Amino acid sequence: MLDTDFFRRWMAATAAVVAREADRLTELDAAIGDADHGSNMRRGFAAVNDVLEKEPPATPGAVLTLAGRHLISTVGGASGPLYGTLLRRTGKALGDAPEVTGEQLAEALGAGVSAVAQLGGAQAGDKTMLDALLPAVEVLGNSFEEARDAALAGALATVPLRARKGRASYLGERSIGHQDPGAASAALLVGALTEATEPGAGGSA
Amino acid sequence: MSEEKQVGIVLVSHSGPVAEAVAELARGLAAGGATAPVAAAGGTSAGGLGTSTELIAEAARTVDRGVGIALLVDLGSAVLTVKSMLAEGGELPDGARLVDAPFVEGAVAALVTASAGGDLETVEAAATDAYGYRKA
């Protein structure tokens with residue numbers, strides 16, 4: 001079972017890996033976007049960590065809805081409402097349960113991913129974060145490791161795609177040959193699940 | 001037509017100066033004295049490019065007269081942030097609505113219509129209608 005602490009560790013591990021990889025995310029974004037994805041994500045998840053420590057929520061669902069709300073208000077770029085919606089809808093789908101199963105998390109994250117697709121109007125193959133999240137959700141019920149690998153593979157598979165959403169879509173053919181920064185950060189979020197399973201991972205839980 | 005309570009207009013841009021300038025332009029073109037309330041919410045709270053939920057929520061409170069608020073948006077995060085605020089509920093006053101319209105032309109049409117006492121549906125229709133004006 002996954003308890004409230006697991007979800008706080010997930011957010012802490014995400015904040016840590018996003019901070020470590022911020023420069024790489026910004027470099028990816030500099031190629032086809034506006035070169036702020038790494039710093040935006042680092043600021044957003046640092047704020048999430050702060051608020052989770054100051055006002056520790058009582059349930060897994062509350063951890064994710066609080067995290068989502070803070071991402072929307074602190075990120076400033078389009079990834080704020082997108083990641084905010086992802087976590088908030090996932091949190092809402094988890095409800096008030098004090099503990100959830102991996103399958104329940106997989107189902108809830110699926111609802112979160114659908115909400116992201118609806119908000120951004122994107123679908124698989126548009127060279128967005130969905131290209132990492134959709135394959136990850138498919139196998140999340142099996143294991144976090146499988147989900148991590150699927151998300152990474154999905155992010156790498158965005159390299160030959162042509163962007164159809166966001167600023168990168170204005171580049172047309174020139175967006176081909178670059179990994180989508182949103183897919184790269186989505187793979188970090190999914191990968192952080194594997195670190196959250198061991199108590200103490202990611203620091204501040 | 002009651003002129004007392006007018007629809008409020010909020011202009012949400014990726015850039016603070018763009019939002020302010022479009023608000024100024026709309027006020028100037030609506031002209032002829034007092035206009036309906038209009039507020040700009042552009043850029044991040046720190047003054048950079050991006051979108052701020054705080055600035056949007058504050059602008060919406062400022063223009064809220066209780067008869068509806070039309071939010072016009074420009075690019076990327078401006079669109080997504082307003083959509084996600086409306087989906088969440090509680091962050092914007094009741095009657096706040098995202099209006100699908102070209103930013104500059106829609107802002108002028110919305111403010112002129114709101115200043116003439118149009119209700120939220122009429123303001124929205126006028127702003128959206130601005131898409132229909134072909135330039136070439």
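The values are calculated or read from the model by the stated rules, or taken from the named source; none is laboratory data. Because the structure is a prediction, the values reported are computed rather than measured. With ideal geometry, Cβ positions are generated from the backbone for all residues, glycine too; neighbour counts draw on all protein chains shown. Side chains included, ligands, DNA and RNA excluded: accessible areas come from the protein's heavy atoms. Shrake-Rupley method; radii C 1.70, N 1.55, O 1.52, S 1.80 Å.
So the values come out like this:
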| item | result |
| --- | --- |
| Approximate spin-label separation B:GLU54-A:GLU145, in nm, with each point projected 7 Å along Cα-to-Cβ | 4.4 |
| A/B buried area, accessible surface, summed, 1.4 Å probe, Å² | 1100 |
| Region A:63-108 versus region B:36-91: alpha-carbon centroid distance in Å | 22 |
| Between 0 and 90°, nearest 10: helix A:4-20 axis offset from chain A longest Cα axis | 30 |
| Listed residues A:LEU140, A:LEU25, A:LEU119, most fluctuating in chain A (Gaussian network, C-alpha, under 10 Å) | A:LEU119 |
| Full-extension gain in nm, B:SER45 to B:ALA21, via 0.36 nm per residue minus C-alpha separation | 6.9 nm |
| Zone of A:ALA46's modelled label, taken as backbone nitrogen in region B:46-70 under 15 Å from a point 7 Å along Cα→Cβ | B:46 |
| Solvent-accessible area lost in complex, 50 Å² minimum, residues of region A:82-122 relative to chain alone, 1.4 Å | A:ARG88, A:LEU119 |
| Accessible area per residue, Å², chain B with all protein chains present, probe 1.4 Å | 46 |
| Residues in region B:86-103 that, when all protein chains are in place, have 40 Å² or more less accessible area than the chain alone would give (probe 1.4 Å) | B:GLU88 |
| Reachable lysines, given that their alpha-carbon falls under 30 Å from the alpha-carbon of A:LYS127 and they are not under 8 places away in the same chain | A:LYS92, A:LYS165, B:LYS83 |
| Percent of Cα pairs exceeding the 26 Å cut-off, where the set is chain B | 13 |
| Residue-normalised accessible area of chain A, expressed per residue, 1.4 Å probe, Å² | 40 |
| Per-residue mean of C-beta atoms belonging to partner chains within 10 Å, peptide B:68-81 | 4 |
| Projected label distance in nm at A:ALA58 and B:ALA136, using a 7 Å step from Cα toward the beta-carbon | 6.2 |
| Degrees separating the helix A:130-139 axis from the principal Cα axis of chain A, which is the longest one | 40 |
| Label-point gap, in nm, between B:ALA31 and A:ASP3 - each point 7 angstrom along Cα→Cβ | 7.0 |
| With every protein chain in place, the protein assembly as shown: carbon and sulfur % of accessible area (1.4 Å) | 52 |
| Alpha carbon convex hull of region A:56-203, volume per residue in cubic angstrom | 104 |
| Residue mean of other protein chain beta carbons inside 10 Å, B:41-50 | 3 |
| Per-residue [θ]222 nm for the protein assembly as shown (sum of -39500 (n - 2.57) over DSSP H runs n ≥ 4, rounded to 500) | -18500 deg cm²/dmol |
| Theoretical FRET efficiency, 1/(1+(r/R0)^6), r = Cβ-Cβ of B:LEU86 and A:GLU99, R0 41 Å, to 0.05 | 0.80 |
